[in-house]
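A short write-up of the structure that comes next.
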């Protein structure tokens, strides 16, 4: 079979302990979200203001399940180590994804004016999930 018929095998997503995401412009992190899952609840910590002011709320298990589904859908494991910066202006969009798995390993991916394939759609869906929990 030719090269065009092969699919790369996705790495399975290990069990998550923490999901952290930041995004903003070239000067400031405008949004910061951190989701952790305890034994009996999901905790969403967030800041959507500058200077950063962290707030926390309990969230439904559906948030955790939604984030996990997005990670699998967009093959987030392949993003590990992504670190590309192409600043165009002082206000170029930047982002940071930091996952911690239950075994203590981590995934870190970040960009400024650049992102891996699927990032924009993943970010839109993720922010919709996160902000939907906050803006009830």
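Every number here is computed from the coordinates shown, using simple stated rules; none is lab data. Everything numeric here is computed off the predicted structure, so don't read it as measured data.
Structural remarks
- Contour minus Cα-Cα distance for residue 102 and residue 61 (0.36 nm per residue): 13.1 nm
- Computed per residue of the chain from DSSP H runs no shorter than four, each worth -39500 (n - 2.57), the mean residue ellipticity at 222 nm is -7000 deg cm²/dmol.
- Cα pair count fraction exceeding 22 Å, expressed as % - the stretch 55-134: 30
- Using a cutoff of 8 angstrom between alpha carbon atoms and counting only pairs six or more residues apart, the relative contact order for the chain works out to 26 percent.
- Proportion of all alpha-carbon pairs of the stretch 97-136 beyond 16 Å (%): 53
- D_trans [Stokes-Einstein, Kirkwood Rh over alpha-carbon pairs] for the chain, 4 °C, 1.567 mPa s, µm² s⁻¹: 82
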